[in-house]
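Pasting a structure here, questions to come.
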Amino acid sequence: MKGKTITRWGKYRWQIEGFFKTVKHQFSLHRFGQKTLLGVYRWLILSFLSYMLAYWVYLHSRLYSPR
């Protein structure tokens, strides 16, 4: 891969990680984990959101990347 591609992917990765770090602390997910049913539901929703965001970034990068 080219350096520009790696840099672009890294930028998207850190944006997503920053978002989830913020969300994790806003909803106190760092305290609950999967010890309770509510914690499991929160973890499932967060996992689904992370997958969807990663997929949308992938689609966006394919759609708007110069070829």
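The values are calculated or read from the model by the stated rules, or taken from the named source; none is laboratory data. From a predicted model like this one, the values you see are computed outputs, not experimental measurements. In this analysis, Cβ positions are derived from the backbone assuming ideal geometry, glycine residues included, and neighbour counts consider all displayed protein chains.
Mind listing whichever residues of segment 10-24 are of a type in the set (A, V, I, L, M, F, W, C), without any contact (Cβ under 8 Å) to a residue 40 or more places away in the chain and within 13 Å of residue 57 (Cα to Cα)? Even if it seems obvious, please write down each step before you answer.
Going through segment 10-24, the residues of a type in the set (A, V, I, L, M, F, W, C) turn out to be 14, 16, 19-20, 23.
Remaining after also requiring without any contact (Cβ under 8 Å) to a residue 40 or more places away in the chain: 14, 19-20, 23.
If the condition is that a residue be of a type in the set (A, V, I, L, M, F, W, C), without any contact (Cβ under 8 Å) to a residue 40 or more places away in the chain and within 13 Å of residue 57 (Cα to Cα), then 14 is the only one that fits.
Please find, within segment 44-53, the residue that is nearest to residue 25 (Cα to Cα) out of those that are at pLDDT below 85 and in contact with a helix residue (DSSP H, G or I) (Cβ under 7 Å, 6 or more places away or on another chain).
Filtering segment 44-53 for residues that are at pLDDT below 85 and in contact with a helix residue (DSSP H, G or I) (Cβ under 7 Å, 6 or more places away or on another chain), the one nearest to residue 25 (Cα to Cα) comes out as 46.
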